[in-house]
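Just so you know, all these numbers are worked out from the coordinates, no wet-lab data involved. The shown structure was predicted, so the numbers you read here are calculated from the model rather than taken from an experiment. Glycine also receives a Cβ, built like all others from the backbone with ideal geometry; neighbour counts cover every protein chain displayed.
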Amino acid sequence: MTGAKLAGATSGHITGTPASLPKSWQIVGGYLIGPGANLAQANLSGLTFAKANLSGASFYQANLTNVDFGHSNLSKASLSAATLNGAKFVHAKMKGAISAYEKGQPANLPKYWKMITGQYEGAPVAYLVGPGASIGGAQLSGADFAGMNLTGIYLAGAHLTSANFTGTNLTRANLASAGLGTANFTGANLTGASIKAADMSGANLMNAKFINANLLGSRLLSVANASSAKFKGAKCPDGKIFGNAGADCQLSF
């Protein structure tokens, strides 16, 4: 199978050993494992994928109980609705990983990552949250992200009302169209973040950094402690660059 394109391939109950497989592919527990593999709803319980390249793979609704992903590449992989009881993610690469409705508790997660649970229509919704995570539209109102490293996280359209971002690193985060009303950004770093069309009404901006952030079309009504925040180079809601003549991001300092 040398040179075969297997991204998106589904598999299971494979027997025998092929003479060859494409680069980064292997057979584990009867499944074809590699970048872009479709492992949705697969029962992978107890298998070891340590150091495997699983970028872009789908584990939607898969049983990942006690699976070992140590040092594996899970960038842009989908883990939504997967069962994660006892799963190991030591040093796994998870930039761009998609998650929602996770089940169970993993044994561990990579550095800076956490499982955080929100609510949707009265039911709990668990997400894998960390730098570069892809959880657009997440239902995490009131969630505690204090002190976390969320560099480059994708939270566009997320519901984050009253969330706690005290001391959080949100450098280059995408918060476009997010609901951020009354959120606490005390000491948060949003340098280079996209906050376009977001609703930040009533948010606490104490000592927050919005340097070079994009606030085009965002709502900044009744924000608190705006005078202590840094907006150097930020694009204001009206499209003007903060610091230029006539631009003040429509804030009442």
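Things worth noting here:
- Exposure proxy for Ser218, Ser227: other Cβ atoms within 10 Å of each Cβ, ordered fewest to most, give Ser227, Ser218.
- When each of Thr186, Thr117 is scored by the number of other beta-carbon atoms lying within 10 Å, the sequence from fewest to most is Thr117, Thr186.
- Peptides 125-138, 36-49 ranked from most to least packed, by the mean per-residue count of other Cβ atoms within 10 Å: 125-138, 36-49.
- Between the listed residues Ala198, Ala123, Met94, the Cα displaced farthest toward the positive end of the dipole of the chain, a dipole computed from Cβ unit charges relative to the Cα centre, is found at Met94.
- Cα centroid separation, segment 210-232 to segment 82-118 (Å): 32
- Computed about the Cα centre, the dipole magnitude for segment 130-253 is approximately 300 debye when only Lys and Arg (+1) and Asp and Glu (-1) carry charge, each at its Cβ.
- Relative contact order (percent, whole number), the chain, Cα cutoff 8 Å, 6+ residue spacing: 8
- Ordering His13, His71 from the fewest to the most neighbouring beta carbons within 10 Å gives His13, His71.
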